[in-house]
Amino acid sequence: MTDEVPTPTQEATDDRLVRALAELDNLRKRFEREREQLRQFGAEGLIRDLGPAIDAFRRAGDVPAELAQSSWVAGVHGVRQLIEQVLTKHGVTVIDPEPGSMFDANEHEAVGTVAAGDDYPDQSVVQLAGVGLKLHDRVLVPARVLVAA
């Protein structure tokens, strides 16, 4: 008795080859998507960690009018603008909602409520407690806000 291995037909071989090529093409496309996502969002951790520093620079520039003309304040504003320009160049947007704008749970984190009366509509931003950061279309750090209740 001989153990003969059946030889695949040409049709079966062609089918396996077509499937292997399709799988290879799908793999190439997946790697391209992953590479693009890595390029877009690779700095996500760094940007998230920079959030408090960016917020601190913004707060450092918020000074009373009598101090606004000092060279120190001008320097802080210059550094802040430079940092924001670099971040913008790399796809980062600062989330800085205006008082009176509506609360958006996708971009804002409510850290408290304020009885605003007639000054602000219900569920609107009353005060900014900390800026947020968005990388391309992904919110990394939501803006911390006080909301009218």
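Values in this text are rule-based calculations from the coordinates and carry no lab data. Predicted model only: the values in this text are computed from it and were never measured. With ideal geometry, Cβ positions are generated from the backbone for all residues, glycine too; neighbour counts draw on all protein chains shown.
Treating the angle as unsigned and between 0 and 90°, give the value, to the nearest 10°, between the Cα long axis of helix 44-60 and the longest Cα principal axis of the chain.
Helix 44-60 and the main axis of the chain meet at about 10 degrees.
Can you give the calculated 222 nm mean residue ellipticity of the chain, where each DSSP H run of n ≥ 4 adds -39,500 (n - 2.57) and the sum is split over every residue, rounded to the nearest 500 deg cm²/dmol?
The helix contribution divided over the chain gives -16000 deg cm²/dmol.
Specify which labelled value, from (1) 8.8; (2) 10.9; (3) 17.0, agrees with mean projected area of the Cα convex hull in nm² derived from the coordinates of the model shown.
Of the listed options (1) 8.8; (2) 10.9; (3) 17.0, (3) comes from this structure.
Got a sec? Charge dipole of the chain, +1 on Cβ for Lys and Arg, -1 for Asp and Glu; which of 50, 111, 136 is way out at the positive end?
Going by the charge dipole, the pick is 50.
Give me the angle, in degrees from 0 to 90, between the Cα long axis of helix 71-89 and the longest principal axis of the Cα atoms of the chain, rounded to the nearest 10.
20
For the chain, what is the relative contact order in percent, using Cα pairs closer than 8 Å and at least 6 residues apart in sequence?
Over the chain, the number comes to 21 percent.
Of 124, 37, 85, which is farthest on the positive side of the dipole of the chain, counting Cα position, with +1 on Lys and Arg Cβ, -1 on Asp and Glu Cβ, and the Cα centre as origin?
With unit charges placed on the Cβ atoms, the residue in question is 85.
Most exposed first by the Cβ proxy, i.e. fewest other Cβ within 10 Å, how do 136, 108 rank?
Result, fewest neighbours first: 136, 108.
So for each of 74-86, 22-34 I average, over its residues, the number of other beta carbons within 10 Å; can you give me the resulting order with the highest mean first?
Packing order, densest peptide first, comes out as 74-86, 22-34.
Hey, in the GNM for the chain with a 10 angstrom Cα cutoff, which one of 73, 63, 111 fluctuates hardest?
63
Counting Lys and Arg as +1 and Asp and Glu as -1, each charge on the Cβ, what is the dipole of the chain about the Cα centre in debye, to the nearest 20?
Result for the chain is approximately 560 debye, rounded to the nearest 20.
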